[in-house]
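Read the structure below first, then the notes.
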């Protein structure tokens, strides 16, 4: 033991790994990051990995390499329990494919940060677990891509269109649909067929409007661009069942599908309710105060998709976005040393910088915020640059100025024109 306070971060998503990178090199802290995977993937672009417009192997960052570079320790395994009284986290695994694995172990902490992310809920809908794909992690993206390739090959050979139904019109659903349009031509080039006839895409949304919660100007821009791509949209369509060959709406209407994608919302990781006696909101996220502290123990903080923080005067908690998690990571990097020293940091203040979507061949579109308003609709190259800027900043934070600059240059040279990087130790 170093004698320095032990800061333990559970979860290496966009926020967790940024926090570890920001405080790992501090001389006054011993920082440990925990994740069940060996490498970090930028989740906001998971739909592109699923569609095949970028390769996930070019976008991974080894936690082991990052730990060596940024001064923190990495522990791979599953979080089993948190004991606040003893200040211990129980960890198991990882397990090897053959069944063997690392022995369970206890990790001590002086300060704990929970950043275990979220997942797509099924809302009790019949057949989601058996027949639908959910894009929560890389394995889901790989599974979808394999099924999509098989469906497109069958379409090419049979002359019968592949049918994709996406339930949910948020960023994941709309961006996935657009990226599928981008890659479809690769299956038919030179064969004299119209690729658009060989792939039918439907986005089904339960709410009365596409992208519920978005500004009307942004919704209209997205609707228009989806129409340009000949992607069908259906609103007010509550899906009651996912079957092997289609989806069934509550009114009994059946929509045939070779692949169904469930992209309907986000809730806290279910493990949060089993780890300790946290106060959870109605979406299973840990309720935190204005300094991101849990009610269970002020030495335990939570942020990102795992946390529920409602700013004073707001009607709802902050959104589960990478933008929010990144800002909270910045805040915690300064707040944790103060809390460990017995001081009270200033409250966290969220700066909403807007909402952006990349719709592949139809371009990027979004709403850029000024102050407390989201009042500028942006399109084209400016929107595309803004869309990529958050990941550029993420790379810079994790890799430092030199390697981050090299990564950004490599992204610029990439034929996929996407932020890509692979770094393994």
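The values are calculated or read from the model by the stated rules, or taken from the named source; none is laboratory data. Quantities reported herein were computed from a predicted structural model and do not represent experimental measurements. Here the Cβ positions follow ideal geometry from the backbone for every residue, glycine too, while neighbour counts run over all protein chains shown.
Say we look at segment 212-234 and pick out the residues that are closer than 22 Å to residue 121 by Cα and crowded, with 16+ Cβ neighbours inside 10 Å; which of these is nearest to the chain's Cα centre (by Cα)?
At the first step, the residues of segment 212-234 found to be closer than 22 Å to residue 121 by Cα are 212-214, 233-234.
Restricting the remaining residues to those that are crowded, with 16+ Cβ neighbours inside 10 Å gives 214, 233-234.
Values: 214: 18, 233: 23, 234: 25 Å.
Only one residue fits best here, namely 214.
Hey, among 72, 109, 148, which residue is surrounded by 14 or more Cβ atoms within 10 Å (Cβ to Cβ), touching a strand residue (DSSP E or B) at 6+ places or on another chain (Cβ under 9 Å) and assigned by TED's automatic domain parsing to the domain that holds residue 301?
109
Got at least one residue in segment 187-197 being under 27 Å from the mean Cα position of the chain (by Cα) and not assigned by TED's automatic domain parsing to the domain that holds residue 319?
no
I'd like the full set of residues that are modelled with pLDDT of 95 or more and touching a helix residue (DSSP H, G or I) at 6+ places or on another chain (Cβ under 7 Å), limited to segment 306-343.
Across segment 306-343, the qualifying residues are 306, 328, 329, 332, 333, 336.
Could you tell me whether residue 161 is closer than 21 Å to residue 53 by Cα and either at pLDDT below 95 or in contact with a helix residue (DSSP H, G or I) (Cβ under 9 Å, 6 or more places away or on another chain) (or both)? Step through it out loud before you land on a result.
Working: closer than 21 Å to residue 53 by Cα: yes; either at pLDDT below 95 or in contact with a helix residue (DSSP H, G or I) (Cβ under 9 Å, 6 or more places away or on another chain) (or both): yes.
Yes, satisfied.
Just for strands (runs of 3 or more DSSP E) wholly inside segment 111-221: which have at least 3 residues that are on the phi > 0 side of the Ramachandran plot?
Output list is empty.
Can you tell me which of 215, 228 is farther than 19 Å from residue 141 by Cα and at pLDDT 85 or above?
228
Of all the residues that make up segment 1-23, how many are touching a strand residue (DSSP E or B) at 6+ places or on another chain (Cβ under 7 Å) and surrounded by fewer than 24 Cβ atoms within 10 Å (Cβ to Cβ)?
Result for segment 1-23: 5.
Pull up segment 250-304, narrow it to residues that are farther than 23 Å from residue 17 by Cα and part of a strand (DSSP E or B), then point me to the one that is farthest from the chain's Cα centre (by Cα).
Here the residue is 254.
Only one residue in 39, 59 is closer than 30 Å to residue 6 by Cβ, under 16 Å from the mean Cα position of the chain (by Cα) and at pLDDT below 95, so which one is that?
So the residue among 39, 59 that is closer than 30 Å to residue 6 by Cβ, under 16 Å from the mean Cα position of the chain (by Cα) and at pLDDT below 95 is 39.
Taking the condition surrounded by fewer than 21 Cβ atoms within 10 Å (Cβ to Cβ), assigned by TED's automatic domain parsing to the domain that holds residue 336 and farther than 22 Å from residue 136 by Cβ, does residue 26 pass?
Yes: the conditions hold for residue 26.
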